[in-house]
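These notes are about the structure you will find just below.
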Amino acid sequence: QFLFVVTFTTFLLCCVEYDVLFANRPLNHSHTGGAAPDRSKVTLPDAILPAPQCAQRIRARGWVIFLLVMAAVFWLYRLVKVLCSLLSYWEIRAFYIKALNIPSEGLCNYSWQEVQARLISLQRRQQMCVHKRELTELDIYHRILRFKNYTVAMVNKSLLPVRFHVPLLGPTVFLTQGLKYNLELLLFWGPGSLFQNKWSLRPQCKRAGARRELARRLARTMVLLGLANLLLCPCVLVWQLLYAFFSYAEVIKREPGSLGARRWSLYGRHYLRHFNELNHELQARLSRGYKPATKYMNSFTSPLLTVLAKNVGFFAGSILAVLIVLTVYDEDVLTVQHILTAITLLGLVVTLARSFIPDEHTVWCPEQLLQRVLAHVHYMPDHWQGNASRSETRGEMAQLFQYKAVFILEELLSPILTPLILIFALPARALDIVDFFRNFTVEVVGVGDICSFAQLDVRNHGNPQWLSAGQTEASVYQQAENGKTELSLMHFAITNPRWQPPPPSELFLSHLKEKVQQDAAAAPPAQCILAEGPLGASLFS
C-alpha cells in the first residue's frame, strides 16, 4: 500500500497533462487516411505524458525528489522490520508444530485456553523457563502484556494521556496512533527509554535518589523527540492526507453515513481494558458492547438539528429528483458541465441529512441503555450513575466511543499536535512518570519486571469501596481507580478457571460469589419484573 500510494501520487503529480484531460487545450490527432477523427474526444492515453517527459518533470521538482528519498528510506526501514518479524513468526510456527504439537492447518480449531494449557504442561516436562518449575497463567499473561499493563495503569491513574480544555469543546482527551507510538518509544523500547531491554527496567529507575536526574533526562528526551517529530511533520502530514484520501474517499462516496458511525477510541480501549486482558479478549468484550453503546449515543437528539436536517434533506432531495428526471428524459443532460458533480454532491447531502434524523420509534430510556453498556464494558465513572440523561455524561462517553469522522480528523491533526504535546505538555509530567515506574514495578522470578497492578493483588492495590474492612492496605495513591484491580481479578479468574489466585484475592472472590448468590436468591423472578410495565420490558428486551 505504501509503495502504491507513493508511486500513484507521483504519477498524478508529474505524469498527467491536466489541460488535455479537462479539454482546456485542443489536441491534434495525427491520422492517415479514412474519416477524420472526432477532435473533441480525448482518450486517456492522450492525457498521459511519455516516460522521458515524466522523468524530466520529476527531476525538475526538488521537493518531489526529497519526498521520494524520505519515502524510500522509510520503506527500507519497514522492509527490514517486516523481514525480522517474518523470522520471528517462523520460529513461533516451528514452536507450535514441534513443541506444542499443534499443526498449522488445525490451529484455528484450538482456543487460547487450550494453547495455554499445552504451554504449561510443556514447562513441567522440559522446564523452558529455567528460573521456576511451574509456569502459571498469570506468568504467561505478564510476559505477553508487560508494556500494555503499564500503559493501562498510567491511563487508570490519569497520568496519560494529557487532558486539555478546548474552548467550545470543553475537556478533551487526545490520543492517536502517532502519539501512542512516540510514548512507547520514550518509555519502553526506544534508545534512552526507561526499559533497558524487553523484560528489565534500568537499575537507576528503581533508585529514589536518581529520580530527579532521571526525570530531567526523560524531559530532555521528550523535547528532542518532539523536535524530531516537528522536522518530519510535513512528510508525515502529506502521508496522512494521502492515505486518508485513498482509504476513505470511495467509502464516503458509497456510504456517506459511514462517517457518522462510531468506534471505540484509542483512549477508550485503554480506559476500558482490564489488567492482563489479551487483545482478542478485549476486542470480543467491546464488540459485544458496540450495539448497546450505539443505541445509547443515538438516543440523544437535538430538535433544532433534526428540523434543520429535514429541511436540508428536502431541498437537496427536490433538486436531485428534478435532475434525475431530466437525465431519464434525455441523457444529453449528462453532457452539461458539472451536472454529474451536482448529482453526486446532492446525493451526499441527502444521505448526510438523513443520518441526523432520529428514528421516530425510538424509546427514551438512557439509564437502562447505559446499564446495558456497562454490562459489557465494565467501567463507568461514579458520577454517571443516575445521570445517564445529562449531556455531560454523553460528552464523556463520546471520548470513549467517538465518531469515525472525529477519529479521522484526530489522525490527520496528529502530525501537528503530537510534537507540541511532546515539547510543551509532557515534560511537566516526567517526574510523575519516573515515580510511577519506581513505585509500581516489581520483579517476578522467571518473568522480569512487571507493573505491580498486573499482579491483581487486592491487598496492595484494592479499592476500599469494593472490599470488606481490613482486606486492603492500599493508600489513595496505591489503589487502582474505578475498581480496576477487582474487576480485572474477576475477569481473569473467569477467563482462566484453573488459575489459583493468592489468598487475599481468593478471599475477595469467595465473598463476591456469596454476595452474588444471595442477590440472586433475593431477586424477584423475571416474570414479575416484566409484568411491571413497558420500562421493564425495555430493560430486558
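Brief remarks on what is shown
- Compared with the dominant Cα axis of the chain, that is its longest principal axis, helix 211-254 is turned about 50°.
- The spacing between the range 347-367 and the range 73-135, judged by their C-alpha centroids, is 48 Å.
- Remark on THR441: its backbone amide H falls under 5 Å from those of SER452, a criterion applied only to residues 5 or more positions apart or on other chains, H modelled at 1.01 Å from N.
- The accessible area of MET297, taken with all protein chains in place and a 1.4 Å probe, comes to roughly 0 Å².
- The residues of the chain expose on average 59 square angstrom of accessible surface per residue, using a 1.4 Å probe on protein heavy atoms.
- Cα lying deepest toward the dipole's positive end in the chain, options LEU456, SER85, SER488, charges on Cβ: SER85
- Burial ranking of peptide ranges 370-376, 5-11 (average Cβ count within 10 Å, highest at the top): 370-376, 5-11
- The accessible area of TRP63, taken with all protein chains in place and a 1.4 Å probe, comes to roughly 140 Å².
- Ordering of 93-101, 330-338, 282-290 by packing [mean C-beta count within 10 Å, highest first]: 282-290, 93-101, 330-338
- Degrees between helix 404-420 axis and first principal axis of the chain (Cα, 0 to 90, nearest 10): 80
- Dipole magnitude of the range 81-225, debye to nearest 20 (Cβ charges: Lys/Arg +1, Asp/Glu -1, about Cα centre): 720
- Backbone HN-Hα couplings from phi across the range 197-210 [Karplus 6.51/-1.76/1.60, Hz, Gly and Pro as x]: 7, 6, 9, 9, 6, 4, x, 5, 5, 8, 9, 5, x, 9
- Per-residue ³J(HN,Hα) for the range 391-397, Karplus 6.51 cos²θ - 1.76 cosθ + 1.60, θ = phi - 60°, Hz, x for Gly and Pro: 5, 5, 5, 5, x, 5, 5
- Over the range 357-441 - Rg/Rh using Cα atoms and the Kirkwood inverse-distance radius: 1.11
- Phi angles of the range 108-115 translate, via the Karplus equation with coefficients 6.51, -1.76, 1.60 and θ = phi - 60°, into HN-Hα couplings of 5, 8, 9, 7, 4, 4, 5, 4 Hz per residue; Gly and Pro are given as x.
- Set of lysines with alpha-carbon distance to LYS157 below 26 Å, sequence-local pairs under 8 removed: LYS148, LYS180, LYS198, LYS206, LYS484
- Carbon/sulfur fraction of accessible area - the chain, other protein chains in place, 1.4 Å, %: 63
- Each Cα pair of the chain feeds into the Kirkwood radius, which the Stokes-Einstein equation turns, at 10 °C and 1.306 mPa s, into a diffusion coefficient of 56 µm²/s.
- For the range 123-271, dividing the convex hull volume of the Cα atoms by the residue count gives 210 Å³ per residue.
- The angle separating the long axis of helix 430-439 from the principal Cα axis of greatest extent in the chain is about 40 degrees.
The values are calculated or read from the model by the stated rules, or taken from the named source; none is laboratory data. What you see is a predicted model; the values in this text were computed from it and never measured. Note: ideal-geometry Cβ built from the backbone for every residue, glycine included; neighbour counts use all protein chains shown. Note: accessible area is taken over every heavy atom of the protein model, side chains too, but ligands, DNA and RNA are not part of it. Shrake-Rupley method; radii C 1.70, N 1.55, O 1.52, S 1.80 Å.
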